[in-house]
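Please read the structure below before turning to the comments.
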Amino acid sequence: MLKTWTQVFWVIGIALAVVTGVEYIIAIEIANEPNLTLLSIIAVAKAVLIIYFFMHIYRLWREEGH
Amino acid sequence: MAVATTAVAAHPERDWEKIKRAGLWLFFASESVVFGLLLAARFFIEGTHVDAHLDQALGLGITSILLASSLSAFTAESAIAHGNRKLFYWGLIITILLGTVFAFGVAYEWQIAEFTQHESFGTIFFTMTGVHAAHVISGVIMLVMLLAQALRGRFGPDDHWPVAGVVMYWHFVDVVWVFYYPALYLINFD
């Protein structure tokens, strides 16, 4: 998938920027209507990207030596 | 003491780093309870109401700054893991600057807010952003301490756990804001 840290930097950086922009546009377009579910899904998606690629949560259960 | 020394000697360094990493995640779990309760209180007290006078451009701006700081923190950690000290220094410095700008952005938002702490939305807003900003400031202090140690020659590809730990904390603070930003600014956008 993403093999080098520079690839992670660019791909996840651009993904976070795009998703944040989409989140803002959705908030404007669906103004004054309940948009809690959609915004929650977007927030979870952003959090998963950061937790997996930047915080390396998978290292908690990775076998030693890998 | 003798038991601890024996235990360290019996296990390779990699095991201990894994244990430290697990301890840090347990800390994040306990912190998540605090931040989660504040988030729950926001919806319990105010529903999905958002104050119309919040500066949306400022909210988007400080959110972008904090996300960018996660990228620079990731760069710093990756650079030291690969032995690139110059990029490591710059990653730390940029993260410190962005974190400081974020904290000033929150302070400015407090200053221009057209609601007070005596209103329910004000109570929620000042408490959530205040607790979060306190974590940002503590993160900046830890990053400055890292930079001071790094400039004295500490850390390298085989010895960078303190860098990884502080950077993970920084990312955690970013994750919290990923949930706080829509909850405070975007829901029922006016």
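Values quoted throughout were computed directly from the atomic coordinates according to the rules given, and no laboratory measurement underlies them. Here the structure is a predicted model, which is why all the values come from computation and not from measurement. Methodologically, a virtual Cβ is constructed for each residue, glycine included, from the backbone with ideal geometry; neighbour enumeration extends over all protein chains shown.
Ignore the peptide's own chain and count Cβ atoms of other chains within 10 Å of each Cβ in B:89-102; give me the average, rounded.
Other-chain Cβ atoms within 10 Å of each residue's Cβ, averaged: 0.
What value, in deg cm²/dmol to 500, does the helix sum -39500 (n - 2.57) over DSSP H runs of n ≥ 4 give at 222 nm once divided by the residues of chain B?
After summing the helix terms and dividing by residue count, I get -28000 deg cm²/dmol.
What average number of partner chain Cβ atoms lie no more than 10 Å from the Cβ of the residues making up B:175-187?
That works out to 6 on average.
What list of ³J(HN,Hα) couplings, whole Hz, do you get for segment A:5-10 from phi and the Karplus terms 6.51, -1.76, 1.60, once you set θ to phi - 60° and write x for glycine and proline?
Karplus values, whole Hz, x for Gly and Pro: 5, 5, 5, 4, 3, 6.
Roughly what angle does helix B:120-151 make with the longest principal axis of chain B, taking Cα atoms, 0 to 90 degrees, to the nearest 10?
20 degrees
In which sequence would B:Val173, A:Val44, B:Val166 go, from the one with the fewest C-beta neighbours within 10 Å to the one with the most?
The order, fewest Cβ neighbours first, is A:Val44, B:Val166, B:Val173.
Run the simple label-point estimate for B:Ala148 and B:Val101 please: 7 Å along Cα→C-beta, distance reported in nm.
Label-label distance for B:Ala148 and B:Val101, simple model: 2.5 nm.
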